[in-house]
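The values are calculated or read from the model by the stated rules, or taken from the named source; none is laboratory data. No experiment lies behind these values; they were computed from the predicted model shown. All Cβ positions, glycine included, derive from the backbone under ideal geometry; neighbour counts span all protein chains shown. Note: areas computed on protein heavy atoms with side chains; ligands, DNA, RNA excluded. Shrake-Rupley method; radii C 1.70, N 1.55, O 1.52, S 1.80 Å.
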Amino acid sequence: AFGRRLLGRQVATMSQPDIHLYTAATMNGYKPVIFLEEAGVPYDLTFIDFSKKQQHAPDYLKLNPNGKIPTIEDRVEGRPIFESGAILWHLAEKYQKFLPKDALARSEVMQWMFFQVGHVGPMMGQAMYFQRIAAPNGHEEPFSIKRYVDESRRLLE
């Protein structure tokens, strides 16, 4: 038996993994893939094709109203979760992986996760955008490129 159609794809409703991941080959898109693979959690995968603007398809926007990747559907809970940090936190709690029980150690892990999603990810994303998308399309912004590249380097030092 099959359930609903998502992004033109038939989604099975029997004998399927608890997690369905919607993502693309980007830095943010790889985060839940790495978690799921390292934790040994089975999952279904739907590749979101930006060139076809699948992230803006009505069915996808029902899962993630921001129209960004990644998004997961937790089939057991019957709900979507979007934003990479929220997904990682959800998966860590659900599968009891990579998140210590000790309050101090747990706090340290959460600090590093928020550091990544609030600083490293956005700065590197902007550096990539200005260098690889804006500049080749005639919108070179040397000030912006320098600012985001320098800040990305600082965060990784």
Subject >> Accessible area of the range 46-96 belonging to carbon and sulfur atoms, whole % at 1.4 Å probe >> reply: 57
**OP:** May I ask which of Lys52/Lys94; Lys31/Lys53; Lys68/Lys94; Lys31/Lys52; Lys97/Lys146; Lys31/Lys101 have a Cα-Cα span longer than 27 Å here?
**Re:** Lys52/Lys94; Lys97/Lys146
Original post:
If the chain between Trp112 and Arg153 were fully stretched, how many nm would it gain, using 0.36 nm times the residue separation less the Cα-Cα distance?
Top reply: 13.1 nm
Original post:
Anyone know which of Tyr129, Tyr30, Tyr22 comes out most mobile in the 10 Å Cα GNM of the chain?
Top reply: Tyr129
Subject >> (1) 43, 20, 17; (2) 30, 24, 10; (3) 29, 19, 18, with the label sought being that of the calculated semi-axes √(5λ) of the Cα gyration tensor in Å >> reply: (2)
Original post:
Residue separation times 0.36 nm, minus the C-alpha to C-alpha distance between Ala25 and Asn137: what's the value?
Top reply: 38.2 nm
Original post:
For the range 20-83, what is the per residue volume of the convex hull drawn over the alpha-carbon atoms, in cubic angstrom?
Top reply: 78
**OP:** Can you tell me the alpha carbon radius of gyration of the range 102-157 divided by the globular rule-of-thumb value 2.2 N^0.38 Å?
**Re:** 1.45
Original post:
Given labels modelled 7 Å from the Cα in the Cβ direction, how far is it in nm from Lys62 to Tyr95?
Top reply: 2.7
Subject >> Accessible solvent surface per residue of the chain, calculated while the other protein chains remain in place, 1.4 angstrom probe, Å² >> reply: 63
Subject >> the chain, relative contact order [Cα under 8 Å, separation at least 6], % >> reply: 16
